[in-house]
Amino acid sequence: MNTKTLCQWKCFSVEQSPHTLPDGREIEFTTVRHPGAVIIVPVNQHGELVMIRQYRPAIGDWIFEFPAGTLEDKENILECAKRELAEEVQLSADHWQSLGELFPVPGFCDEIQHLFLAKDLTSCSGELDDDEIIDVVTMTQSEFLAKVANDEIKDAKTLASFLKIQAKDLL
């Protein structure tokens, strides 16, 4: 393979390589290579969703989202979810359930997001990454849906994760 790395930044890279399409045509395709990520849907003892309100420099705004994070090199997926839950909302969970996977931007990126439901939550200590500014918030399902309807929740991974837990009748 004649793969060219066009850009390398932290754990992401942009690579160009030849690719054969299903109809046999040969193309050069550029892909963002991503190590994968986890998304956690924490539900507290009252059945409320534990979320974060995080400032995102790429869009220059605050968004509501579920805790999430990028896998570190050779990190176990569930261990990453546990680490991110502690770091972002200072919680640990006794009950973990896999909700499947998402492909957030398959048109140009190979990222796989691994979804988890986390219950039986207890407080713990965790430390945010240097570039994170996060407020922890809780909301009922009705409040969540109202924020979706009012265009206050726009984060795709959060919307897809909520749909998954609803479709699986887990709330």
Scanning the stretch 61-91 residue by residue, those small (Gly, Ala, Ser) and under 19 Å from Leu159 (Cα atoms) turn out to be Ala68, Gly69, Ala81
When Ser17 is evaluated against the numbered criteria (1) out of contact with any helix residue (DSSP H, G or I) (no Cβ under 9 Å at 6 or more places or on another chain); (2) open to solvent by 20 Å² or more (accessible area, probe 1.4 Å), which criterion, by number, is the only one it fails? (2)
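Yes or no, residue by residue, for (1) under 21 Å from the mean Cα position of the chain (by Cα); (2) assigned to a loop (DSSP other than H, G, I, E, B):
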| position | (1), (2) |
| --- | --- |
| Cys7 | no, no |
| Pro18 | no, no |
| Gly24 | no, yes |
| Ile40 | yes, no |
| Val50 | yes, no |
The one condition Thr31 fails out of (1) at pLDDT below 95; (2) more than 30 Å from Thr140 (Cα to Cα); (3) surrounded by 14 or more Cβ atoms within 10 Å (Cβ to Cβ); (4) hydroxyl-bearing (Ser, Thr, Tyr) is (1)
Pairs, please: C-beta under 8 Å, at least 6 apart or cross-chain, first residue at positive phi and in the stretch 119-135, second at pLDDT 95 or above and part of a strand (DSSP E or B)? Asp120/Ala93; Asp120/Asp94; Asp120/His95
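Identify all residues within the stretch 26-38 that are assigned to a strand (DSSP E or B) and closer than 28 Å to Lys164 by Cβ; write none if there are none.
Listed by number, the residues that qualify are Thr31, Val32, Arg33, Ala37, Val38.
If you scan the stretch 48-60, which residues turn out to be open to solvent by less than 60 Å² (accessible area, probe 1.4 Å) and farther than 15 Å from Val136 by Cβ? Walk me through it before giving the result.
Step one: filter the stretch 48-60 for residues open to solvent by less than 60 Å² (accessible area, probe 1.4 Å), giving 48-52, 54, 60.
Of everything in the stretch 48-60, just one residue is open to solvent by less than 60 Å² (accessible area, probe 1.4 Å) and farther than 15 Å from Val136 by Cβ, namely Gly60.
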Six or more apart or on different chains, Cβ atoms under 8 Å: show the pairs whose first residue is in the stretch 1-15 and at pLDDT 90 or above and whose second is assigned to a loop (DSSP other than H, G, I, E, B) and of a type in the set (Val, Ile, Thr). Glu15/Thr3
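The values are calculated or read from the model by the stated rules, or taken from the named source; none is laboratory data. Since the structure is predicted, the reported quantities are computational estimates derived from the model, not experimental observations. Positions of Cβ are backbone-derived with ideal geometry, glycine not excepted, and every protein chain shown enters the neighbour counts. Side chains included, ligands, DNA and RNA excluded: accessible areas come from the protein's heavy atoms. Shrake-Rupley method; radii C 1.70, N 1.55, O 1.52, S 1.80 Å.
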